[in-house]
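Throughout, read-outs are computed from the coordinates displayed, never taken from laboratory work. Computed from a predicted structure; not experimentally measured. Glycine also receives a Cβ, built like all others from the backbone with ideal geometry; neighbour counts cover every protein chain displayed.
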Amino acid sequence: MISRDVVFHDRYGLHPRAARRIQASLDGITATVSLTNLDGGDATIDARGMLALISSGIRTGDRIRVSADGTDEVAALAAVGDLIQSGVCHPDVGP
Amino acid sequence: MKRLHGLAAAPGVARAAYVRIDPAPAPAGGRTTAAGVTGEIERLADASAGAAVELESISRAVSDDGHPDEAAIFEAQAAIARDPALAALATERIKGAHDDAIAAVQMAAGAFAEQLRSLEDELLAARAADVIDVGDRIARRLAGTRQPTIGLDRPAIVVADDLPPSLTATLPRDRLLGIALAGSSPTAHAAILARAYGIPAVVGVRDLLDTLSAAATPGNGIDLAIDGGTGDVFVDPDPGTIERLDHAAASGRQRHQQDLVEARLPAVTRDGTRVSLLANIGTPDESDGAIALGAEGVGLFRTEFLFLERTTPPSEDEQCTAYERAIRAFAPHPVTIRLLDVGGDKPIPYLPIAAEANPFLGVRALRLASAQPDLFVTQLRACYRAAAAGPVKVMAPMVADAGDVDLLLALAKRARTELADEGGAIGEVVLGVMLEIPSAVLVGDTYFRNIAFASLGTNDLAQYALAVDRGNPALERYRDALHPAVLRLIAQAVDTAARAGIELSVCGEMAGDPAAALALIGLGLRSLSMAAPSLPAVRRAIRGSSGTALASEARAALDDPSAKTARARFDRVLGTGGRG
């Protein structure tokens, strides 16, 4: 298993569309992938679980540990990690 | 007439008869027996899959209609319908409590919705509606009832307590003139879809339903008027209000249409002085709107959005992606990226800046580079890489003299050398400075030859030249950048830049103020960058003016006794179409 820490940058938090993108980024990947919110009680959720994602309460600025386990874990980590780091749907904007 | 007030959710004015929508409640669940458990679980799986397929087809229809972002709402709902977690919770309920599939799926959706509401985040709590909506859709399939749709037999404003996303998707766009909701929020899907479709909407109008129930239906057929830009709702509006709203709607539409048409006209004075008009942007998302209004590139791309409100600095890749988006949108026109401009006034967790009594006279912007060179080298590396996608200019803020320019050039050289050694694709970057500290203008002749361009940041230039805090409202009367002292600094910058043969532009608010823009052109500026909404008025002012007249007015303004006199001069020019 490998993991990578990223900061969640969608300014609207982990809303349904962002969750769907995270889910879709794992199409064709078999590794199990989980997200741990290091700023939110360290709860760990399945990166493919739509309801788990949107009820995770992850907000912009939260540090997220992405963990992947499987033969294509490197690709899984890159897909989800880069997507989260890039702001998913709405890259956050300063005042 | 009765006037109510809600939240502006989608701009525009509508007045028409209203149709009240009370969505039929979702079917009620029941019980099953031990023998029925397996059957109910199977029925639930079928109905969930069916609901997902339905939602995916709605998503495709919305996308084909030209709204891919809004289509994603329904794609997300389809994913909720397919989520094994929903089925697992419902199945547990069927097995454990002998609920039938309808009751079980509603209970499961309700539990997840409750979890979302408990997050105390308004945006995520609003998404609880999505989960309930999906649960109801599955329940309706189980009960064999049709999904509700909004049918309108005539053009009307739709009134409801709230509109769930699935209902909003079925809105008949040809007859839907407006939406007024007693509940909901501007971030709810009904509001998002209304904005995408250009339908005026007001939400959160408390008392709306009661007021409508109490109001007698008037005979003239017009019983509701809404202004989605202000949040006003008028029940049985009087003729004066109707006229005012109609007029505002017509002139707003006309003005916007006119602006879009005129955006294609060159910004050239009546006697042939051509001026380039560019946009200031704060995120790549603003690109399309600016291009529609005729921006010939970006004169100021503020990059702070990448750096603020986070705990670690943005990576080079993240920056590169954001810059590329704007560069691709504007190519072949150039995008001018301003290096990070922050200081002690906006604390950043990963950038330790000691507390300062005067952050605007402190360690800010390029002055951070001595202690934090890597921050700027990373940003410059992202700029060089993004430049492979189109023309890029980079300027440093808070430059005081030749020493700061040497620092900029050294940072840029390091970034370029590193990238060249690594062998990745890089593009040309044109380097320049912001002229916002008076000293940088006064000694421009000592370093202009080392750079390709300079851009006047008139807000700070005026603040520093006039000792007027930009944020202090008590100093309003000192703030006008048309102060002759500022005009003289600008005139000197024009002269020095011409001698050194470098390009000079303006990217402060002054460029977006029509009277001040004319003064700048009179002083010899030929490139103005401003907030995109200011482009139409400035373009119009330029096209109505005479370059020769502006030059003589500007010369005279240098000797005016006050900003007030100088402004009156250019207001007059503006009023007479520059013929004076």
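Can you give the charge dipole size of chain B about its Cα centre, rounded to the nearest 20 debye, using +1 on the beta carbon of Lys and Arg and -1 on the beta carbon of Asp and Glu? Intermediate values should be presented prior to the final figure.
Numbers: 57 positive and 73 negative charges, 335 e Å.
The calculated dipole for chain B is roughly 1600 debye.
Quick one: if the Förster radius is 30 Å, what FRET efficiency do B:Thr548 and B:Gln254 give, using the C-beta to C-beta distance and rounding to 0.05?
On the way: r = 32 Å, r/R0 = 1.08.
That pair, B:Thr548 with B:Gln254, gives E of 0.40.
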Report summary line: Of the convex hull enclosing the alpha-carbon atoms of segment B:236-352, the direction-averaged projected area in nm² is 12.7
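According to the Kirkwood expression over distinct Cα-Cα pairs, how big is the hydrodynamic radius of segment B:106-241, in Å? Let's see the in-between values first.
Numbers: mean 1/r = 0.0614 Å⁻¹.
Mean inverse Cα-Cα distance, inverted, gives 16.3 Å.
Suppose R0 equals 22 Å; then what is the FRET efficiency for A:Asp69 and B:Thr311 from their Cβ-Cβ distance, rounded to the nearest 0.05?
On the way: r = 26 Å, r/R0 = 1.20.
That pair, A:Asp69 with B:Thr311, gives E of 0.25.
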Query raised in the report: Residue separation times 0.36 nm, minus the C-alpha to C-alpha distance between B:Arg244 and B:Glu418: what's the value?
Result: 56.4 nm
Report summary line: Subtracting the Cα-Cα distance of B:Ala35 and B:Arg328 from 0.36 nm times their residue separation yields 99.2 nm
Requested in this report: Please grab the % of Cα pairs in segment B:379-432 that end up more than 16 Å from each other.
Outcome: 39
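Stretched out fully, how many nm does the piece from B:Thr565 to B:Arg488 gain, at 0.36 nm a residue minus the Cα gap?
Extra length available between B:Thr565 and B:Arg488 comes to 26.2 nm.
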Requested in this report: Note down the nm distance, to one decimal, between modelled labels 7 Å out along Cα→Cβ at B:Ala45 and at B:Glu356.
Outcome: 6.5
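In peptide B:126-139, how many Cβ atoms from other protein chains are near each Cβ within 10 Å, on average? Show your work: numbers first, answer last.
Numbers: counts 1, 9, 2, 0, 3, 5, 0, 0, 3, 0, 0, 0, 0, 0.
Going residue by residue through B:126-139 and averaging, the value is 2.
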Query raised in the report: Of the peptides B:419-425, B:209-215, how do they stack up when ordered by the mean number of other Cβ atoms within 10 Å, highest first?
Result: B:209-215, B:419-425
Query - For chain A, radius of gyration divided by Kirkwood radius, i.e. Rg to Rh on alpha-carbons - result: 0.93
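What number does segment B:305-446 give for Rg over Rh if you use C-alpha atoms and the Kirkwood radius? If you can, show how the numbers build up before the last one.
Numbers: Rg = 15.1 Å, Rh = 15.7 Å.
With Rh from the inverse mean 1/r over Cα pairs, Rg/Rh is 0.96.
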Query raised in the report: For segment B:456-572, what are the per-bin percents of Cα-Cα distances with bins 5 Å wide, up to the bin holding the maximum?
Result: 2, 12, 23, 25, 22, 11, 4, 1, 0
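Given the convex hull of the Cα atoms of segment B:62-182, what is a quarter of its surface area in nm²? Can you show the working numbers first?
Numbers: hull surface 35.4 nm².
Projected area, direction-averaged: 8.9 nm².
To the nearest 0.05, what FRET efficiency results for B:Arg477 and B:Ala292 with a Förster distance of 30 Å applied to their C-beta separation? Present the calculation step by step, with values, prior to reporting the outcome.
Working: r = 37 Å, r/R0 = 1.22.
Step by step, r from the Cβ atoms, then E = 0.25.
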Query - segment B:359-384 residues near the modelled B:Ala410 label - backbone nitrogen below 15 Å, point 7 Å along Cα→Cβ - result: B:366-377
Report task. Evaluate the charge dipole of segment B:450-580 about its Cα centre and quote only its size in Debye, nearest 20, assuming +1 on the Cβ of each Lys and Arg and -1 on the Cβ of each Asp and Glu. Result -> 400
Report summary line: P(r) over all Cα-Cα pairs of segment B:416-510, 10 Å bins from 0 to the longest distance, whole percent per bin, short to long, reads 16, 40, 23, 15, 6, 1
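When the dipole is taken about the Cα centre of segment B:305-460, and only Lys, Arg (+1) and Asp, Glu (-1) are charged at their Cβ, what size is it in debye, to the nearest 20? Mind showing how you got there, number by number?
Numbers: 14 positive and 19 negative charges, 53 e Å.
Computed charge dipole of segment B:305-460: roughly 260 debye.
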Report summary line: Ranked output for segments A:64-71, B:394-401, B:21-28, B:506-513 by mean other Cβ atoms within 10 Å, highest leading, reads B:506-513, B:394-401, A:64-71, B:21-28
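I want the antiparallel fraction of DSSP beta bridges within chain B, as a percent rounded to 5.
Details: 18 of 58 bridges.
Close to 30 percent.
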Requested in this report: Give the residue from B:Ala462, B:Pro349, B:Ala386 lying farthest towards the positive end of the charge dipole for the protein assembly as shown; charges sit on Cβ (+1 for Lys and Arg, -1 for Asp and Glu) and the dipole is referred to the Cα centre.
Outcome: B:Ala462
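So what's the net charge close to B:Val233: Lys and Arg +1, Asp and Glu -1, counting the other residues with Cβ under 12 Å from its Cβ? Before the final figure, lay out each step's value.
Numbers: positive: B:Lys2, B:Arg3, B:Arg15, B:Arg206; negative: B:Asp207, B:Asp223, B:Asp227, B:Asp232, B:Asp236.
Once positives and negatives cancel, what remains is -1.
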Query raised in the report: Using a simple spin-label model with points 7 Å from Cα along the Cα→Cβ vector, what separation in nm is obtained for A:Thr30 and B:Ser118?
Result: 3.7
Query raised in the report: For chain B, what ratio Rg/Rh do Cα atoms give with a Kirkwood hydrodynamic radius?
Result: 1.07
Report task. For the protein assembly as shown, just run the numbers: alpha carbon Rg, then divide by 2.2 N^0.38 Å, N being how many residues it has. Result -> 1.11
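Run through segment B:78-182 and list the trypsin sites (Lys or Arg not before Pro) located in a DSSP loop whose Cβ has at most 15 other Cβ atoms within 10 Å. Before the final figure, lay out each step's value.
On the way: sites: B:Arg82, B:Arg93, B:Lys95, B:Arg117, B:Arg127, B:Arg137, B:Arg140, B:Arg141, B:Arg146, B:Arg173, B:Arg175; in loops: B:Arg127, B:Arg146, B:Arg173, B:Arg175.
Loop-located and lightly packed - B:Arg146, B:Arg173.
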